[in-house]
Amino acid sequence: MPEHPVAASGKTRVYGILGNPVAHSLSPLIHNAAFQFKKIDAAYVPFHTTQTGAFLKKAVVSMGIRGLSITIPHKIWAAKAADQKDPLTKLCGAANTWIIENGIVSAHNTDGPGAVRAMQEKHKGVGKRYLILGYGGTALAIAHALLLESSPRSITITGRNLKKAARFAEDLRQAHARHRSLIDSAPLSQIAPEQIDAVIQTTPSGMNAEKGSKVLPELGFDPDWITKNHLVFDVIYVPMRTPLIELAERRGSTIVYGYKMLLYQAVRQFELFTGQSAPESLMERLLLSHLRNGTRR
């Protein structure tokens, strides 16, 4: 379908993405195409914003903006500034979506559910044992979403800084008291492959890891550790076939590409924006046709 902006009218509902940078975001492309496909009088525009504060929230509300995608570095501010928060936003302290109705700002986090859905396409998730590489914001959203939505058998956190991994795991245990026994941290060298069903890679190392005997040198990741019995999910989507994904393919593992998380978080945002189902096939085709150019969210 044509890739041109939706024609605006005096009644056009305005949505957008707020962050720094946003110039190369794919969100305007896929959301505007979705609005056009669904014949919704709405437009989605980028808002390059370097500063946040009460003034920004007031401006968003006063201009009648109906919803926003929030990207780096404003997700924590977006959670704090909102009037209402969904459960995942409360747990993560970060939001990637605002819905504005009658002057009330509601914050949502669709990153975690997007990741869970991407994995659930390959397996149902119930009773699975997850290994999460990393302990940043993305790992936090995914870990909380798994505990809220998928009834995991266990979640193990690992990373280069074992103290940070341990603190991350303890924070999870405190937030999910009834699941305390399911959550742990450990160095990768102490985790046997047969103890894990799904590997989730959330660190920036996924973009830069050297091909060779160790896919993620900082984590001590040996190729022989990955097996055909693993589901391997790398949240990095540029490049789409990361070194870890290439290794997993060679080992016969089940693969989840990072762009799927990007897709499904946007699908959920569209549904929150409009109350309608998203044209998922269209959005996925547009993502795949542009990601080879190295475009970021």
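The values are calculated or read from the model by the stated rules, or taken from the named source; none is laboratory data. All of these numbers come straight from a predicted model, not from anything done at the bench. Ideal geometry is used to build each Cβ from the backbone, glycine not excepted, and the neighbour counts take in all protein chains shown.
Determine which member of the set Arg129, Arg160 is farther than 17 Å from Leu88 by Cα, among the charged types (D, E, K, R) and surrounded by 18 or more Cβ atoms within 10 Å (Cβ to Cβ).
Going through Arg129, Arg160 in turn, just one is farther than 17 Å from Leu88 by Cα, among the charged types (D, E, K, R) and surrounded by 18 or more Cβ atoms within 10 Å (Cβ to Cβ): Arg160.
At least 3 residues that are among the aliphatic types (A, V, I, L, M) and at negative phi in each: list the strands (runs of 3 or more DSSP E) lying fully within the range 52-121 that qualify.
Where strands (runs of 3 or more DSSP E) fall fully within the range 52-121 and carry at least 3 residues being among the aliphatic types (A, V, I, L, M) and at negative phi, they are 104-108.
Check Ile104, Ile72 and return the single one that is in the same structural domain as Gln269 (by TED's automatic domain parsing), farther than 25 Å from Gly258 by Cβ and surrounded by fewer than 19 Cβ atoms within 10 Å (Cβ to Cβ).
Ile104
Would you point out the residue of the range 168-208, among those that are in contact with a helix residue (DSSP H, G or I) (Cβ under 7 Å, 6 or more places away or on another chain) and assigned to a strand (DSSP E or B), that is surrounded by the fewest Cβ atoms within 10 Å (Cβ to Cβ)?
Asp184
Considering each of Arg296, Arg241 in turn, give the residue that is closer than 23 Å to His123 by Cα, surrounded by fewer than 20 Cβ atoms within 10 Å (Cβ to Cβ) and modelled with pLDDT under 90.
Just a single option satisfies the conditions, and that option is Arg241.
Name the single residue, out of those in the range 146-167 being touching a helix residue (DSSP H, G or I) at 6+ places or on another chain (Cβ under 7 Å) and of a type in the set (S, T, N, Q), that is farthest from Met119 (Cα to Cα).
Applying the filter and picking the extreme gives Thr158.
Which residue, of Ala107, Ala82, is free of Cβ contacts under 8 Å to residues at least 40 places away in the same chain, farther than 15 Å from Ala266 by Cβ and more than 19 Å from the chain's Cα centre (by Cα)?
Of the residues listed, the single one that is free of Cβ contacts under 8 Å to residues at least 40 places away in the same chain, farther than 15 Å from Ala266 by Cβ and more than 19 Å from the chain's Cα centre (by Cα) is Ala82.
How many of the residues in the range 123-164 are part of a helix (DSSP H, G or I), within 19 Å of the chain's Cα centre (by Cα) and either small (Gly, Ala, Ser) or more than 22 Å from Leu262 (Cα to Cα) (or both)?
Of the residues in that region, 5 qualify.
Which of the residues spanning the range 86-101 are surrounded by fewer than 20 Cβ atoms within 10 Å (Cβ to Cβ) and among the hydrophobic types (A, V, I, L, M, F, W, C)?
Ile99, the sole residue that qualifies.
So that you can scan it fast, the table gives a plain yes or no per residue for (1) farther than 23 Å from Gly159 by Cβ; (2) at pLDDT 95 or above; (3) assigned by TED's automatic domain parsing to the domain that holds Arg153; (4) of a type outside the set (Gly, Ala, Ser):
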{"residue": "Leu188", "(1), (2), (3), (4)": "no, no, yes, yes"}
{"residue": "Gly220", "(1), (2), (3), (4)": "no, no, yes, no"}
{"residue": "Ser277", "(1), (2), (3), (4)": "yes, yes, no, no"}
{"residue": "Glu280", "(1), (2), (3), (4)": "yes, yes, no, yes"}
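If the requirement is being closer than 26 Å to Val199 by Cα, in contact (Cβ under 8 Å) with a residue 60 or more places away in the chain and in a helix (DSSP H, G or I), which of these qualifies: Leu272, Leu286, Leu263, Leu247?
That would be Leu263, the only listed residue that is closer than 26 Å to Val199 by Cα, in contact (Cβ under 8 Å) with a residue 60 or more places away in the chain and in a helix (DSSP H, G or I).
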